[in-house]
1. Please go through region 323-338 and give me each residue that is surrounded by fewer than 16 Cβ atoms within 10 Å (Cβ to Cβ) and outside any strand (DSSP E or B), ordered by number.
2. Filtering region 285-320 down to residues that are more than 41 Å from the chain's Cα centre (by Cα) and not in a loop (DSSP other than H, G, I, E, B), which residue is farthest from residue 371 (Cα to Cα)?
3. Identify the residue in region 256-284 that is in contact with a strand residue (DSSP E or B) (Cβ under 9 Å, 6 or more places away or on another chain) and in a helix (DSSP H, G or I) and, among all such residues, is nearest to residue 141 (Cα to Cα).
4. Please list, ordered by residue number, the strands (runs of 3 or more DSSP E) wholly in region 126-216 having 1 or more residues that are free of Cβ contacts under 8 Å to residues at least 12 places away in the same chain.
5. Among the residues of region 348-371, is any in contact (Cβ under 8 Å) with a residue 24 or more places away in the chain and touching a helix residue (DSSP H, G or I) at 6+ places or on another chain (Cβ under 6 Å)?
6. If you go through region 199-223 one residue at a time, how many are over 14 Å from residue 108 (Cα atoms) and out of contact with any helix residue (DSSP H, G or I) (no Cβ under 7 Å at 6 or more places or on another chain)?
7. Do we have residue 119 as at pLDDT 95 or above and closer than 21 Å to residue 224 by Cβ here?
8. Return yes when residue 303 is more than 26 Å from residue 159 (Cβ to Cβ), modelled with pLDDT of 95 or more and not assigned by TED's automatic domain parsing to the domain that holds residue 249 and no when it is not.
């Protein structure tokens, strides 16, 4: 009887185990694949779904047209450390090819104080570069390599840029060569660089610009260079959606001087001037309540040769000695001049040797003079 009960119990346990494992097969490792065909049926994309849409086509076209002109720049310099003495330093940036002769534009701060400059082309070939000219005021520099079959960038026009216009930046952020980012023109404004210099009409963009992008091209949707990427506004040292580029027209205005003379021959009127406010104009009984009062002219300088007069009567403005009685400049080439910054901006758009028309007041009489700009030394 006991043997029968034992046998029945064993049969019950075996049956329960079979039912459990059959109803819950995942509780045991499978001993064989139970699939019916051994193949996974994938859902394939329909014919033509891999084609680019119109916006993607623009992106790809800009990149293909522009990237052969973009170069990676490495600069090597040395600095002095109190504990370690002379310490080598290496910087990295971007540039773009200007012509078949190998002239390359970049930022001044990319190559400043460099003892050795190396350029890597799109085809990954390396060349040593010579520093040809620098313009620290505009943060621009020209270097040159000697290499065959170069592809110059197409240089555009930065006048008339509109907020909302698409722009593209190509460069080497964090050393990642040939990287393109996209954004829009966020604003056109004057900004101050870390060294205190100002970029007039800088192109603000939300296209990602990071360390290593400096000196690279900012492009429009036709792959034309409209700016030179220069700086970012960020608290973390990388893109925060606010980058700035130097307008390409500013660069075009100095490139010939940089190549020919190694520096920019900045123009000058050859005057020392005083900005006039409405209150000061009333006190001095001037014919206009704005402008630049000419206190002195450089003897034999551009303004002097054009017949513009300085002041002869000494006066005091607070604790500052001034000369009054001179001509009051109110416009240059038809553009109103009210502040020293106005004159500086006009001069930045010209070179030494250019001719401008200066409109000025002599007493109550309005006069004009054709002035051939000289080369700036210490005076504007």
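1. If the condition is that a residue be surrounded by fewer than 16 Cβ atoms within 10 Å (Cβ to Cβ) and outside any strand (DSSP E or B), then 333, 334 are the ones that fit.
2. Of everything passing the filter in region 285-320, 316 is farthest from residue 371 (Cα to Cα).
3. Here the residue is 258.
4. Of the strands (runs of 3 or more DSSP E) lying wholly inside region 126-216, those with at least 1 residues that are free of Cβ contacts under 8 Å to residues at least 12 places away in the same chain span 126-135, 179-192, 198-205.
5. Within region 348-371, one or more residues are in contact (Cβ under 8 Å) with a residue 24 or more places away in the chain and touching a helix residue (DSSP H, G or I) at 6+ places or on another chain (Cβ under 6 Å).
6. Total meeting the criteria: 12.
7. Numbers: at pLDDT 95 or above: yes; closer than 21 Å to residue 224 by Cβ: no.
So residue 119 fails the test.
8. Numbers: more than 26 Å from residue 159 (Cβ to Cβ): yes; modelled with pLDDT of 95 or more: yes; not assigned by TED's automatic domain parsing to the domain that holds residue 249: yes.
So residue 303 fits the description; yes.
The values are calculated or read from the model by the stated rules, or taken from the named source; none is laboratory data. Everything numeric here is computed off the predicted structure, so don't read it as measured data. Cβ atoms come from the backbone with ideal geometry, glycine included; neighbour counts cover every protein chain shown.
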